[in-house]
Every structure is written in structure tokens, then in C-alpha cells.
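Have a look at the structure below, then the notes.
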Amino acid sequence: MSGTGPATTQMSSNPGTGPGPLLDIRELCVEFGEGARAFHALNGVNLAVAPAAAIAILGESGCGKSVTSLAVTGLLGRSGRVTGGSISFNGHDLLGMSKQALNRVRGVEIGMIFQDALSALNPTLTVGYQMRELLRTRMGLSRSAARTRAKELLDAVGIADPGRCARSFPHQLSGGMRQRVLIAMAVSLEPKLLICDEPTTALDATIQAQVIELLKTLRRDMNMSLIFITHDVGVAAEIADDVAVMYAGRVIECGPVRDVFDNPAHPYTKALLGARPAAAEGGRTLATLPGAVPDLVRVPDGCLFEPRCARRADRCRAEYPALLPISANHASACHFREEVVNERP
């Protein structure tokens with residue numbers, strides 16, 4: 001695929017000030033499979049996350065949100081591989097690290113919370129044992145100190161009876177409690193960056209809201225950066241300062257949440273916002289998108305959204321649009337970004 005190298009847009013609650021990015025992803029490409037049938041999951045992702053910033057990565061299933069996080073943490077598995085680009089964390093090249101060095105970063109400086117808490121926890125061990133072993137092996141705490149710290153962490157994430165929770169096996173806990181346990185484990189080593197991969201998807205609305213508030217509180221109290229992966233526009237708006245919208249393995253729009261959601265500069269972002277239930281208020285019709293996501297085995301040279309876009313032109317088919325600014329901290333990968341911003345809803 002031909003690539004026009006877009007500049008990386010730094011995500012920060014205070015853009016343009018302070019130090020450089022904590023996480024800096026440039027032109028990241030990831031493939032699964034081999035040869036002519038290789039699946040191009042990421043096709044030049046550019047993303048930067050500032051210290052203490054909260055960013056949502058938003059998009060539909062299969063757009064590359066989770067693959068981006070797995071590439072950062074070195075968890076792509078045997079079939080996945082990085083074929084281009086770079087990932088820098090805290091000034092260090094993650095892709096050039098040995099497995100041992102990356103393992104020291106993963107879980108300690110970079111924490112991760114997965115969507116399915118039940119499968120992320122060992123079903124044969126109590127919650128307390130799993131937490132104690134994490135604290136003993138990663139922080140060098142004694143058994144007694146690890147037991148005390150585990151209960152403190154469970155209390156900190158809002159579990160009413162930490163002792164009982166610690167004695168329980170994962171299947172004996174509710175979905176909300178299991179997710180709180182995962183959060184406690186993920187923040188136990190005080191990471192600089194916490195990656196949350198759809199952690200509220202399987203929870204009911206009330207528990208979902210509680211988990212989001214918990215993450216916001218922990219992020220503020222621990223002064224850590226947060227990447228929140230979601231397909232839910234409302235959740236993205238609630239938890240993040242900034243948002244990166246992904247489509248077919250690329251970031252197609254990014255910037256402060258309010259700027260992107262109030263003035264979308266890409267037709268796909270506009271369609272996502274128009275498909276929300278709230279968009280149907282007043283009898284308006286929900287937006288729909290014709291067609292389907294492109295085949296990422298045979299990635300076209302032009303804009304990946306072109307076949308589904310009402311604004312498409314010959315230029316879109318021939319040339320992929322770079323991720324360029326629409327305002328100071330708001331960027332879009334669309335040849336018609338100015339027209340999209342200015343058109344009426």
C-alpha cells in the first residue's frame with residue numbers, strides 16, 4: 001500500500017505544552033498470516049499519547065484498535081508481526097527490546113485491562129493468591145506485605161469485602177467485581193500507562209458507569225496516561241480528553257473529544273456519530289453506511305473509506321489522504337476535511 005506519511009498528532013489534555021509523548025507510534029504496520037493471504041491489520045498507524053493524558057481509540061470491530069494495543073505490549077502472538085513503523089515508550093524503542101526487557105516494561109510501566117475478565121484470570125487460583133504472586137514477583141514483597149497490599153488494592157477499587165473477595169475464585173465473583181479485580185491488578189505496580197481494551201462492554205449500564213468513574217479517579221490520583229479502546233461513542237466522550245478514530249487499520253481522525261465530536265472532519269466519524277441512538281431524537285433518521293469494510297488482504301492505494309463515501313472523487317481512489325490538521329490539535333485523513341467540517345448535519 002502506498003503511504004503518505006502523516007505527522008503524529010500528540011494527544012494531551014493540554015496540547016502544545018509540557019514534555020514530549022509518553023507513547024509515540026509512527027507508521028505502524030502489522031500483518032497476520034503469510035504471503036499473498038497476509039491480512040494487513042494495521043496500515044500506518046500514527047498516534048502519540050502525552051504523560052497523564054486520557055485518549056479513547058474509537059472504531060468498529062476489526063478496525064485495528066486491539067491490534068494496536070497488542071503491538072504496543074508485544075502480545076501479537078505467533079501469527080502476528082510488525083512489518084513497519086516504530087513504537088517508542090518513555091523514550092525507549094519497544095520494537096527493538098529483547099523479550100526480557102519488554103517483559104520488565106509490560107505489566108510494570110504499561111498495565112493492561114482486557115475485556116473478558118473471566119478468561120484473563122486463572123480459574124484454578126483464588127483472586128488473592130493471583131494478586132499476591134504478582135506483587136511478590138514484580139515488586140519483591142514478602143508474603144505478609146503482599147497479602148496486606150492486595151487487600152488495600154481491592155478496597156481502593158471499591159470492593160466492599162476485600163478479604164472475602166481475595167478468598168474467592170474468579171467464577172464466584174460477579175462480572176463487575178472481576179473487572180474491578182483486573183483493574184486492581186493492573187494498577188498495583190503503578191504503571192505510567194494503562195491500556196483498557198473494551199473493559200466495560202460485557203457489563204450492565206450501572207456497573208459500566210461505576211467502572212468508568214473508578215478509572216477516571218485512579219488515573220487522576222496516580223497521574224498516569226490512559227488508553228481506552230471502545231466502539232461506544234458515549235463511553236469515549238465520558239472517559240477521554242482526546243479521541244483517535246480508526247477505520248480499516250488506520251487513524252482517520254484525532255483530536256480533543258469535543259472538537260472531533262462537535263465538528264467531525266471525516267465522513268466516517270460523522271457517520272459514527274449519526275448512528276448513535278441519541279442522534280435519532282426529534283424523529284431524525286439514524287445514519288447508515290452502504291457497503292462494507294475493505295478487504296485488508298488486498299489493501300488499495302487510495303482512501304480505504306472511498307467505496308462507502310458520498311464525497312468520493314477520483315483523487316480519493318488514487319491517493320491516500322494524509323492525517324493533516326483541521327485546527328490546532330484536530331487532524332483528519334480526508335481530502336475534503338474542510339468541506340466535511342463545514343457541511344450541515
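Could you tell me whether any residue of segment 98-119 is surrounded by fewer than 17 Cβ atoms within 10 Å (Cβ to Cβ), polar (S, T, N, Q), closer than 28 Å to N223 by Cα and touching a Lys or Arg at 6+ places or on another chain (Cβ under 6 Å)? Taking every residue of segment 98-119 in turn, none turns out to be surrounded by fewer than 17 Cβ atoms within 10 Å (Cβ to Cβ), polar (S, T, N, Q), closer than 28 Å to N223 by Cα and touching a Lys or Arg at 6+ places or on another chain (Cβ under 6 Å). Comparison of A71, A101, A56 shows that the only residue that is part of a strand (DSSP E or B) and on the phi < 0 side of the Ramachandran plot is A56. Total residues in segment 74-98 satisfying the condition of being free of Cβ contacts under 8 Å to residues at least 60 places away in the same chain, more than 13 Å from L42 (Cβ to Cβ) and either assigned to a strand (DSSP E or B) or under 13 Å from the mean Cα position of the chain (by Cα) (or both): the figure is 2.
Residue-wise test of (1) touching a helix residue (DSSP H, G or I) at 6+ places or on another chain (Cβ under 7 Å); (2) within 23 Å of V45 (Cβ to Cβ); (3) at pLDDT below 90.
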site: A275; (1), (2), (3): no, no, yes
site: L289; (1), (2), (3): yes, yes, yes
site: V297; (1), (2), (3): yes, yes, no
site: L304; (1), (2), (3): no, yes, no
site: P307; (1), (2), (3): no, yes, no
site: D314; (1), (2), (3): no, no, no
site: L323; (1), (2), (3): no, yes, no
site: V340; (1), (2), (3): yes, yes, no
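Filter segment 212-233 down to residues that are touching a Lys or Arg at 6+ places or on another chain (Cβ under 8 Å), under 24 Å from A275 (Cβ atoms) and part of a helix (DSSP H, G or I), then give me how many there are. Of the residues in that region, 1 qualify.
Answer yes or no as to whether A150 is in contact (Cβ under 8 Å) with a residue 60 or more places away in the chain, small (G, A, S) and under 27 Å from I239 (Cα atoms). Steps first, answer last, please.
On the way: in contact (Cβ under 8 Å) with a residue 60 or more places away in the chain: no; small (G, A, S): yes; under 27 Å from I239 (Cα atoms): yes.
Against the criterion (in contact (Cβ under 8 Å) with a residue 60 or more places away in the chain, small (G, A, S) and under 27 Å from I239 (Cα atoms)), A150 does not qualify.
Tell me, please, whether a residue that is without any contact (Cβ under 8 Å) to a residue 24 or more places away in the chain, in contact with a Leu (Cβ under 9 Å, 6 or more places away or on another chain), under 29 Å from A202 (Cβ atoms) and not in a strand (DSSP E or B) can be found in segment 111-134. Within segment 111-134, one or more residues are without any contact (Cβ under 8 Å) to a residue 24 or more places away in the chain, in contact with a Leu (Cβ under 9 Å, 6 or more places away or on another chain), under 29 Å from A202 (Cβ atoms) and not in a strand (DSSP E or B).
Pick out the one residue from E198, E213 that is touching a residue at least 24 places away in the same chain (Cβ under 8 Å) and under 25 Å from L23 (Cα atoms). Being touching a residue at least 24 places away in the same chain (Cβ under 8 Å) and under 25 Å from L23 (Cα atoms) holds for just one of E198, E213, which is E198.
Close contacts from segment 307-321, counting a first residue that is in contact (Cβ under 8 Å) with a residue 60 or more places away in the chain and closer than 18 Å to S332 by Cβ and a second that is part of a helix (DSSP H, G or I) and of a type in the set (A, V, I, L, M, F, W, C), with Cβ to Cβ under 7 Å and a gap of 6+ residues or different chains, come to none at all. Filtered by the rule that a residue be without any contact (Cβ under 8 Å) to a residue 40 or more places away in the chain and part of a loop (DSSP other than H, G, I, E, B), segment 234-258 gives no residues. Kindly establish whether L273 is farther than 30 Å from V108 by Cβ, surrounded by 15 or more Cβ atoms within 10 Å (Cβ to Cβ) and free of Cβ contacts under 8 Å to residues at least 60 places away in the same chain. In short, yes.
What's the total number of residues in segment 120-160 that are polar (S, T, N, Q) and closer than 23 Å to T217 by Cβ? Outline the logic, then answer.
So the first thing to find is which residues in segment 120-160 are polar (S, T, N, Q), and the list is 122, 124, 126, 130, 137, 142, 144, 148.
Adding the requirement that they be closer than 23 Å to T217 by Cβ leaves 148.
Matching residues across segment 120-160 total 1.
The values are calculated or read from the model by the stated rules, or taken from the named source; none is laboratory data. What you are looking at is a predicted structure, and each value in this text was computed from that prediction instead of being measured. When we count neighbours, we look across all protein chains shown, and the Cβ atoms used for this are built from the backbone with ideal geometry, even at glycine.
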